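Have a look at the structure below, then the notes.
The values are calculated or read from the model by the stated rules, or taken from the named source; none is laboratory data. Quantities reported herein were computed from a predicted structural model and do not represent experimental measurements. Cβ placement follows ideal geometry from the backbone for every residue including glycine, while neighbour counts extend to all protein chains displayed. Surface accessibility is based on the protein's heavy atoms, side chains included, excluding ligands, DNA and RNA. Shrake-Rupley method; radii C 1.70, N 1.55, O 1.52, S 1.80 Å.
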Amino acid sequence: MVVRRPPGRRAQILAVAADRFHRSGYHQVSMTEVAAGVGITAPALYRHFRGKPELLDRAVRLGLDALADGLRAADSTDGLGEALAAVAVGHRPLGTLVQRDARLLPPARRAALRRELRADAALMVAVLRADRPELRYEDAELLCWSALSACAGLSYQSAAPQPRRAEAVLREVVAAVLAVSLDGTGTGTGTGADPQPPAAVPGPRPQARREELLAAAVRLFHERGFDNVSTDQLGAAVGISGPSVYRHFDSKAQLLAASLVRSRERLWHEVDGAIAAAPEPDAALAAGLAAYVGFARRNGDYLGAMLSETERLAPPDRRVAVDFRRDFLRTWVGLLRRVRPEYDAVEARIRVHALFAVVNDGVRNRPHSARPDLGDCLLRLARAVLGLS
């Protein structure tokens, strides 16, 4: 007897896998869990896909194919906004899959993914410069990557907003980003940001070994991923042997948790302090934006590790990290709604998530992260994303 597979089964499997990876992180999801989500057995799942790496690869490719198709059909900046918003809503896991989980793909596939994204950005640049021929190529490219990041921010919302509403807000966000003028950045005529990269803070006294390990851990976990960093590499980064790491931390997992806690403390101290010191909501939002951009430029490794490695924390530590994110987001949503009372909570959350995505990606993605006027550029983009004049 011939057993016929239900039509669309592969698509169903990919949708379930993408959702599971998005919600829990690649490492936390088993093939058995994906199979159960589809209503089949694990052996049946393996008849469609060889394993989790192929599932992740295909799920990412599905979303990127939809993105490329939409961008190829766009012939105006409005068309770009429609395409980006539609993919952000229709393939909501794509942002986290690309930014967090795709780093776990084989090197050849990661390289292919980067080529596909650069080709997508090039399509966008061509359309944008046709509408705004005065733009330098590098400025148009920064605007296009920022628009991609803003839409990817939807992927980090814990609950999906109503699709039509989300698309409408994201179209407005993309239009505002692609309309930003970068003329005069870094000349003192823009937002007032320091155009120079933040200077390294000198250390008059050597850091305690524990503090050195925390700083090295954030950098290495961001660059290579938690599972690809050994205690020998951590020790070598601060001039000690691998086993000596255990004099300071009981495990690599404890070191990851402690490094993220320390960075969160600094983030809260800098940004909340700037907001609290301002006399009124407009000034508080401006101060908060400047503080967040400044922190991000100095702590790109932490932001990267926070996005990619939080799911590797033990459950109690992961809950604390997630609670911090929610509290931090709630502070910004509340402040934005005081400045822009016409925004409801849904729109404010979409815009705040987009803000964080634009800044977090902007400080980490070369070649634009090396721009001497990056601080001013990011502040202009951030204000555009939030709908501020």
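Just one of the listed residues (Asp272, Asp301, Asp282, Asp250) is assigned to a helix (DSSP H, G or I), within 18 Å of Ala215 (Cα to Cα) and among the acidic types (Asp, Glu), and it is Asp301. Listed by first and then second residue, the pairs with beta-carbon distance under 6 Å, at least 6 apart or on different chains, first residue in the stretch 362-374 and assigned to a helix (DSSP H, G or I), second open to solvent by less than 30 Å² (accessible area, probe 1.4 Å), are Gly362/Leu378; His368/Leu142; Ser369/Val363.
Here Leu289 fits the description: touching a residue at least 60 places away in the same chain (Cβ under 8 Å), open to solvent by less than 30 Å² (accessible area, probe 1.4 Å) and farther than 24 Å from Arg319 by Cα. Can you tell me which of (1) under 27 Å from His22 (Cα atoms); (2) over 14 Å from the mean Cα position of the chain (by Cα); (3) open to solvent by 10 Å² or more (accessible area, probe 1.4 Å) is the one Ala382 doesn't meet? Of the numbered conditions (1) under 27 Å from His22 (Cα atoms); (2) over 14 Å from the mean Cα position of the chain (by Cα); (3) open to solvent by 10 Å² or more (accessible area, probe 1.4 Å), the odd one out for Ala382 is (3). Scan the stretch 307-323 for residues that are open to solvent by less than 40 Å² (accessible area, probe 1.4 Å) and either basic (Lys, Arg) or in contact with a Lys or Arg (Cβ under 8 Å, 6 or more places away or on another chain) (or both) and the total you get is 5.
State all residues of the stretch 89-101 that are of a type in the set (A, V, I, L, M, F, W, C) and open to solvent by 10 Å² or more (accessible area, probe 1.4 Å); if no residue qualifies, say none. If the condition is that a residue be of a type in the set (A, V, I, L, M, F, W, C) and open to solvent by 10 Å² or more (accessible area, probe 1.4 Å), then Val89, Leu94, Val98 are the ones that fit. Pairing residues of the stretch 104-117 that are of a type in the set (Asp, Glu) with residues that are part of a helix (DSSP H, G or I), at Cβ distances under 8 Å and at least 6 apart in sequence or on separate chains, gives Glu116/Leu64; Glu116/Ala68.
Within the stretch 103-118, the residues that satisfy the criterion of being hydrophobic (A, V, I, L, M, F, W, C), surrounded by 13 or more Cβ atoms within 10 Å (Cβ to Cβ) and part of a helix (DSSP H, G or I) are Leu104, Ala112, Leu113, Leu117.
A single member of Arg383, Arg349, Arg340 is under 24 Å from Leu260 (Cβ atoms) and of a type in the set (Lys, Arg), and it is Arg349. When Leu56, Leu71, Leu62 are checked against the criterion of being among the hydrophobic types (A, V, I, L, M, F, W, C), assigned to a helix (DSSP H, G or I), within 27 Å of Met124 (Cα to Cα) and open to solvent by 20 Å² or more (accessible area, probe 1.4 Å), a single residue qualifies: Leu62. If the condition is being open to solvent by 10 Å² or more (accessible area, probe 1.4 Å) and either touching a Cys at 6+ places or on another chain (Cβ under 6 Å) or touching a residue at least 60 places away in the same chain (Cβ under 8 Å) (or both), then the stretch 258-270 contributes Arg264, Trp268.
Considering (1) surrounded by 19 or more Cβ atoms within 10 Å (Cβ to Cβ); (2) touching a helix residue (DSSP H, G or I) at 6+ places or on another chain (Cβ under 7 Å), say which one Gly300 fails and leave the rest. Unmet for Gly300, out of (1) surrounded by 19 or more Cβ atoms within 10 Å (Cβ to Cβ); (2) touching a helix residue (DSSP H, G or I) at 6+ places or on another chain (Cβ under 7 Å): (2).
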